[in-house]
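Trainee: Below is the structure I would like to discuss, written out as structure tokens.
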Amino acid sequence: MGLRPTTTTTLPAGRVQSRRRRVAATIALTGLVSAGLAAAAVVPANADLYSDKLDLVFLMDGSGSIDSADWAMQKQGYIEALDDLTTFPRDGSISISLVQWSYDGTASSTRVEIQPTLLTSETVVENVSNSIDNIAQIGYSTNPGDAIIRATDLLKNQGRPDADWSLCMSTDGAINSGVDMASAGSYAQNNSVDRYGVLAIEDGFFDEAYAHAAYDQYVFGGGQVTVARSTAEFATLISGCVNPKLDLDAVEVTQGVQTLLNEVDLVEGRDTIVRAYVRTYGVGDTARTSGRLRGYRDGVELPDSPLAPLNPDQTIYVTDDAVSRRSDRDATLNFRLPEAWTTGEIELRVEMGGGTGCDLTESGRWTINCGTVVSFNESRPDLNLGMVGVYWDNMSASPASYTDAVIQSQRSEAMFPIADFNMAPFELEVDDGWWEDTTWFPEVGEYINVLSGLEALTFFYNTATRDDAVMQGMLPGTHPNAGAASGMAMGNTSAAWLDYARGNLDGGGLRNVFPHELGHNFGLWHAVDSHNNGWFTKSGYCGEYAPKWAEDHTPFQMIGDDMRPVLGLIGVCCTDR
């Protein structure tokens, strides 16, 4: 069992602690369950790590090393950040001010450009943005310590005593004049500044390593040093100056089908997406955040690291429950791994501007660095798949289209551990009423005419091309006989009814009926929790069946205090396949 330590802070007399400072959450982790997972973190009902009020001072570098592009990035980045209603609500909870800093030896050095302004309406925000756009650059030496002093004095004189005080500095260089950083940081903390963070602009020799070396030892209160390489990154990473630390619930590394513990094997060389599940600590709280993904092999950072998210605007809207929103792809920070990363073993770490917590929960497991370690296995053979539009006279449903072939084959491509994929479309005509055939084995017999035709097509095609293609028949509509099987497989062929898959594009157990049948072509059986054994077959509680020698699989397990469905190997009717 682990406990989040309680933070206590002594403030100078005369200032009232804000709720962010006053309340410290204690999150207890219960014991591990039998599946090797940890129970969900419990947040006390009265825990609230979000302050009612925040006084934020932007510290904008106006020194001579800031060229015109960096100057524009700072101004536009601040303006775009203020456009976000989630990070900067118009309810008076946040006050914004801006100090431009540079030392020119005159009274104009390090000046207050925007006085503390409560964000109470769109008009107010527009005025602030216009003021930022019209700031003229000072353009002399680099004196970040002076900026901290000036901003602290501004908050001492005009800051709200019941608000959190935060300094958000942007810069492209290290100190070369003015008050030293250690003295400036001590002055700020001794005068009740809660947080100081740095948003560094990568520019020439001032790279990420240099930025961390110059400022890591001076940030405090949960502030971090993050590096922006574009205006979009700059604007999104400013959220770290506003948001408290967020919790990283899980890092899912998927090539189509995956669990939150990354239990499905990964294959080298395949398109791979990483989903970072982020949540707020405060119950009912929301935030807007961005982040980046770093990759390491044997402790060495990989080329192209860090990766920017694929999400629109590179941001996501965060709530206090990330995992329940798993079906929403825009609820997670999403990253596409470069192909060079998808070999061997790599470590993936997620970083966010406001800091990242990594509580062990039932939803994920972590390395010490807030990430996960995954391995990519050697590729399996290529998959050559023929998608066959089956038709007959007097059909009541529309025939299979090329779009149907693409959609259904892409699902199989995503689900199976293959290195390369090729799909070719075909057509096959069969007799009307073929499904009425009832042989000694009805469930196969009603498909025998289609499967036989597909077998012949497969034989001639593979003989002519010396290929090893598998053929899948796309049957228009749904099975005319109620209760009949939705698909069937035999040898190197299988068939399924399109409307079962077409009608479940956004969910439902049959949406993946074509990959399901293809699994049978690869030799997989239904995995059932058998309770009714016959001479040759056994069936499960949902009516699923398998040969008597097939492996049993329990579709439900105790997770914590709840009985939950778990991912079946194939064909478990009660799970979300």
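Trainee: Thr254 - would you say it is surrounded by 19 or more Cβ atoms within 10 Å (Cβ to Cβ), of a type outside the set (A, V, I, L, M) and within 19 Å of the chain's Cα centre (by Cα)? Working first, answer last.
Mentor: Values: surrounded by 19 or more Cβ atoms within 10 Å (Cβ to Cβ): no; of a type outside the set (A, V, I, L, M): yes; within 19 Å of the chain's Cα centre (by Cα): yes.
Criteria not met by Thr254.
Trainee: Please find, within the range 315-355, the residue that is farthest from Ala81 (Cα to Cα) out of those that are among the polar types (S, T, N, Q) and open to solvent by less than 40 Å² (accessible area, probe 1.4 Å).
Mentor: The extreme case among them is Thr342.
Trainee: Okay, moving on. Among (1) open to solvent by 30 Å² or more (accessible area, probe 1.4 Å); (2) modelled with pLDDT under 85; (3) touching a Ser or Thr at 6+ places or on another chain (Cβ under 7 Å); (4) not hydrophobic (A, V, I, L, M, F, W, C), where does Asp437 come up short?
Mentor: (3)
Trainee: Would the range 351-359 turn up any residue that is hydrophobic (A, V, I, L, M, F, W, C), in a strand (DSSP E or B) and closer than 13 Å to Val251 by Cα?
Mentor: We begin by selecting, within the range 351-359, every residue hydrophobic (A, V, I, L, M, F, W, C); these are 352, 358.
From the residues that got through so far, the ones that are in a strand (DSSP E or B) too are none.
No, every residue in the range 351-359 fails to be hydrophobic (A, V, I, L, M, F, W, C), in a strand (DSSP E or B) and closer than 13 Å to Val251 by Cα.
Trainee: Now for a separate question. Conditions: (1) more than 17 Å from Asp247 (Cβ to Cβ); (2) assigned to a loop (DSSP other than H, G, I, E, B). Asp330 meets all but one. Number of the miss?
Mentor: (2)
Trainee: Please indicate, with yes or no, whether at least one residue in the range 539-549 is at pLDDT 75 or above, of a type outside the set (A, V, I, L, M) and either under 29 Å from Ala469 (Cβ atoms) or open to solvent by less than 20 Å² (accessible area, probe 1.4 Å) (or both).
Mentor: Scanning the range 539-549 turns up no residue that is at pLDDT 75 or above, of a type outside the set (A, V, I, L, M) and either under 29 Å from Ala469 (Cβ atoms) or open to solvent by less than 20 Å² (accessible area, probe 1.4 Å) (or both).
Trainee: Another question, if that's okay. Search the range 60-75 for residues that are more than 20 Å from Ser177 (Cα to Cα) and pair each with any residue that is of a type in the set (Asp, Glu) and open to solvent by 50 Å² or more (accessible area, probe 1.4 Å) when their beta-carbon atoms are under 7 Å apart and the residues are at least 6 apart or on different chains.
Mentor: Close Cβ pairs (under 7 Å, with a partner that is of a type in the set (Asp, Glu) and open to solvent by 50 Å² or more (accessible area, probe 1.4 Å)) amount to Lys75/Asp133.
Trainee: Another one. Do any residues in the range 316-343 that are under 14 Å from Ala276 (Cβ atoms) have Cβ atoms under 6 Å from those of residues that are among the charged types (D, E, K, R) and assigned to a helix (DSSP H, G or I), where the two are at least six apart or on different chains, and which pairs are they?
Mentor: The qualifying pairs are Ala331/Arg325.
Trainee: Output the residues belonging to the range 173-192 that are open to solvent by less than 50 Å² (accessible area, probe 1.4 Å) and under 22 Å from Gly222 (Cα atoms).
Mentor: Residues satisfying the conditions are Gly173, Ala174, Met181, Ala184, Gly185, Ala188, Asn191, Ser192.
Trainee: Counting just the residues of the range 407-420 that are assigned to a helix (DSSP H, G or I) and not β-branched (Val, Ile, Thr), which one comes out surrounded by the fewest Cβ atoms within 10 Å (Cβ to Cβ)? Step through it out loud before you land on a result.
Mentor: Here is the first cut: in the range 407-420, the residues assigned to a helix (DSSP H, G or I) are 407-415.
Checking the rest, the ones that are also not β-branched (Val, Ile, Thr) come to 408-415.
Values: Gln408: 26, Ser409: 24, Gln410: 14, Arg411: 19, Ser412: 24, Glu413: 20, Ala414: 17, Met415: 19.
Applying the filter and picking the extreme gives Gln410.
Trainee: Could you please find all residues in the range 465-483 being surrounded by fewer than 17 Cβ atoms within 10 Å (Cβ to Cβ), in contact with a strand residue (DSSP E or B) (Cβ under 9 Å, 6 or more places away or on another chain) and within 17 Å of Trp392 (Cβ to Cβ)?
Mentor: Hit for the range 465-483 is Gly477, nothing else.
Trainee: Here's something else I'd like to know. Filter the range 267-297 down to the residues that are open to solvent by 10 Å² or more (accessible area, probe 1.4 Å) and of a type in the set (A, V, I, L, M), then identify the one that is modelled with the lowest pLDDT.
Mentor: In this case the residue turns out to be Val283.
Trainee: While we're looking at this one, here's another question. Take the range 450-500 and flag every residue that is in contact with a helix residue (DSSP H, G or I) (Cβ under 8 Å, 6 or more places away or on another chain) and of a type in the set (Gly, Ala, Ser).
Mentor: Hits for the range 450-500 are Ala469, Gly473, Gly477, Ala484, Ala485, Ser486, Gly487, Ala489, Gly491, Ser494, Ala495, Ala496.
Trainee: Related question: Mind checking which pairs have a first residue in the range 253-275 that is touching a residue at least 12 places away in the same chain (Cβ under 8 Å) and a second that is of a type in the set (Phe, Trp, Tyr), Cβ under 6 Å, 6 or more apart or different chains?
Mentor: If the second residue must be of a type in the set (Phe, Trp, Tyr), the pairs left are Leu266/Phe376; Glu268/Phe376; Val274/Phe335.
Trainee: Can I ask one more? Which residues, counting only those in the range 297-314, are free of Cβ contacts under 8 Å to residues at least 40 places away in the same chain, over 30 Å from Leu85 (Cα atoms) and not in a loop (DSSP other than H, G, I, E, B)?
Mentor: Val300, Glu301
Trainee: Within the range 117-144, which residues are outside any loop (DSSP other than H, G, I, E, B) and touching a residue at least 40 places away in the same chain (Cβ under 8 Å)?
Mentor: Val125, Val128, Ser129, Ile132, Asp133, Ser141, Pro144
Trainee: Go through the range 510-533 and count every residue that is modelled with pLDDT under 70 and open to solvent by less than 60 Å² (accessible area, probe 1.4 Å).
Mentor: The qualifying residues number 3.
Trainee: Continuing with the same structure: Quick one: in the range 449-461, of everything that is over 12 Å from Gly491 (Cα atoms) and touching a residue at least 12 places away in the same chain (Cβ under 8 Å), which residue is least open to solvent (accessible area, probe 1.4 Å)?
Mentor: If we filter the range 449-461 for residues that are over 12 Å from Gly491 (Cα atoms), which is where we start, we get 449-450, 453, 457, 460-461.
Imposing the further condition that a residue be touching a residue at least 12 places away in the same chain (Cβ under 8 Å) reduces the set to 449-450, 453, 457, 461.
On the way: Asn449: 73, Val450: 0, Gly453: 20, Leu457: 41, Tyr461: 63 Å².
Result: Val450.
Trainee: Taking into account only those residues within the range 374-406 that are touching a Phe, Trp or Tyr at 6+ places or on another chain (Cβ under 9 Å) and open to solvent by 60 Å² or more (accessible area, probe 1.4 Å), which is modelled with the highest pLDDT?
Mentor: Result: Pro399.
Trainee: Of Ile149, Ile201, which residue is without any contact (Cβ under 8 Å) to a residue 60 or more places away in the chain and of a type in the set (A, V, I, L, M, F, W, C)?
Mentor: After ruling out the rest, the residue left standing is Ile149.
The values are calculated or read from the model by the stated rules, or taken from the named source; none is laboratory data. Source: prediction; values computed, not measured. Neighbour counts are summed over all protein chains in view; Cβ atoms, including those assigned to glycine, are modelled from backbone coordinates with ideal geometry. Calculation scope for accessible area: heavy atoms of the full protein, side chains included, ligands and nucleic acids excluded. Shrake-Rupley method; radii C 1.70, N 1.55, O 1.52, S 1.80 Å.
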